[in-house]
Each structure stands twice: as C-alpha cells, then as structure tokens.
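Report on the following structure.
The values are calculated or read from the model by the stated rules, or taken from the named source; none is laboratory data. Predicted model only: the values in this text are computed from it and were never measured. Counting neighbours? That spans all protein chains shown, and the Cβs are built from the backbone with ideal geometry, glycine included.
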Amino acid sequence: MTENAESSKDRTQLEGLGGPDALSSRWRHWSVSVRAAEPGALVADVPPENLLRVLGDARDAEGPGFRRLVDLTAVDHGVEATGARFDLIYWLSRPEGGDSLRVRVALGTSSGGALGLFPGLQPESPLGASSESPREAAPEVDSIVSLWPSANWLEREVFDLFGIAFRGHPNLRRLLLPADFEGAPLRKDYPRQPNLPLPKPLEATYSPETPETGER
C-alpha cells in the first residue's frame, strides 16, 4: 500500500469512526460539541464535570482510539474576558495516522481578585497565598493521572503557573517555582514587580569525584 493510500485510509477512519459528527453523536449525552480544526485534527468542547468520561472513552474506545496524551496546557483570557476566563487544553493523538484531538475545557469566570491569587488557600499552601492577598474563585477540575500517569507533571506545571487545581492529583504542589513563591505568573493579571528579587539558586549538594584521584 502506498503512502498516499495509507494516509487516505487513516483519514477515512477518522471521518467515519471519530470524525466531528460521529464524536458529537457519540458524546451527545455528555454535552460535548466537536468540530474539525484542520485536516486530521478535531476540537472538542467538554464540560468540566464530564472530562474524565470523555477522555476515558476517547482513549479506550475502538472507534476514536486517541490513546496518546501529547500535552496539557492552559490559556488565561484575562479578567475582562466574556464568559469563562480559563481554557484547559488536552492534546491527544492516534498512534495510527497521527490524527489529533484537542479537548478544551472552560473554567472559571472573568471576575475575581485583582492580583489573581487563590481563594481558600492558607499561608502554608503550595501556592503560598497570604491571608492579606486578594483572592478569586480557584478553578478546579478532575485530575487525569488515573488515565495517563504522564499527566502528573503536566498538571503540576499548570497548577504552578496558572493556579488551576486538579482534584485527585496524587502530589499537587509546585513544579518549577520555589515553594514560597506567591501567585501564578502566567495569569494575565499577575502583578508586575520589576524590583522583586529573583529566587535564590539551590545550593549544590553533590560533587562528583575526580576520576584520577578519587578526591572531591
């Protein structure tokens, strides 16, 4: 079979078993809408309460077969956004043919604290928000680590930089920033603080031995 024929076969499978109309019908009881973005790529808008159901079916079903989690990220539309402030984007792919499905989950509202810190988080929380800080409704969604263990660090990164929490995550804490860092720097309302000192670098705790002498 030629390369063009194989590509045509994969495209037929996507359009027949997992195309936008087929998937919209398949997931209609979960209030999901699916559209084509570009050839070989679909976008599904999923309510947060149905995220695990839809992703589980997309991964395990013989029809869709989007078994690979490629990436997970978020978009902040800002405090002046109309409707949902945040979008969570889950990028899935089919090993056969490389077709992709981007699952989009809308979270939060455009109202909230001016500094974009987080509600209900005590001073000892992993995000370091102090009791004096303005706070807003913390967006939250179910963790997908039970479906893809590789989502562990991806969810921690989104939590660290956007302040979006993941229910059921086995170890939800900062990934890139120090534990005493306050706020979420990729939120559009994060305060600009040009005079804020950079975090101190971690001190080295290990020095390899010199191969010739064995000395450190």
**OP:** Using the structure shown, decide if residue 110 is loosely packed, with under 15 Cβ neighbours inside 10 Å and either at pLDDT 90 or above or part of a loop (DSSP other than H, G, I, E, B) (or both).
**Re:** no
Subject >> Filtered residues of segment 142-190 (kept if touching a residue at least 40 places away in the same chain (Cβ under 8 Å) and of a type in the set (Val, Ile, Thr)) >> reply: 144, 158, 164
Subject >> The lone exception for residue 56 - which of (1) more than 20 Å from residue 108 (Cβ to Cβ); (2) crowded, with 18+ Cβ neighbours inside 10 Å; (3) in contact (Cβ under 8 Å) with a residue 40 or more places away in the chain it fails >> reply: (2)
Subject >> Output for segment 152-163, where each listed residue is out of contact with any strand residue (DSSP E or B) (no Cβ under 6 Å at 6 or more places or on another chain) and among the aliphatic types (A, V, I, L, M) >> reply: 161
Subject >> Check on residue 208, out of contact with any Gly (no Cβ under 7 Å at 6 or more places or on another chain), at pLDDT below 95, farther than 30 Å from residue 51 by Cβ and surrounded by fewer than 17 Cβ atoms within 10 Å (Cβ to Cβ) >> reply: yes
Original post:
Looking at segment 10-48, which of its residues are of a type in the set (D, E, K, R), at pLDDT 55 or above and not in a strand (DSSP E or B)?
Top reply: 21, 26, 28
**OP:** Could you list, in sequence order, all residues of segment 127-184 that are modelled with pLDDT under 85, crowded, with 17+ Cβ neighbours inside 10 Å and more than 19 Å from residue 85 (Cα to Cα)?
**Re:** 127, 128, 129, 133, 182
Subject >> Which numbered condition residue 104 fails, given (1) surrounded by fewer than 19 Cβ atoms within 10 Å (Cβ to Cβ); (2) modelled with pLDDT under 95; (3) not aromatic (Phe, Trp, Tyr) >> reply: (2)
Original post:
Condition test on residue 7, is it modelled with pLDDT under 90, out of contact with any Ser or Thr (no Cβ under 9 Å at 6 or more places or on another chain) and farther than 20 Å from residue 154 by Cβ?
Top reply: yes
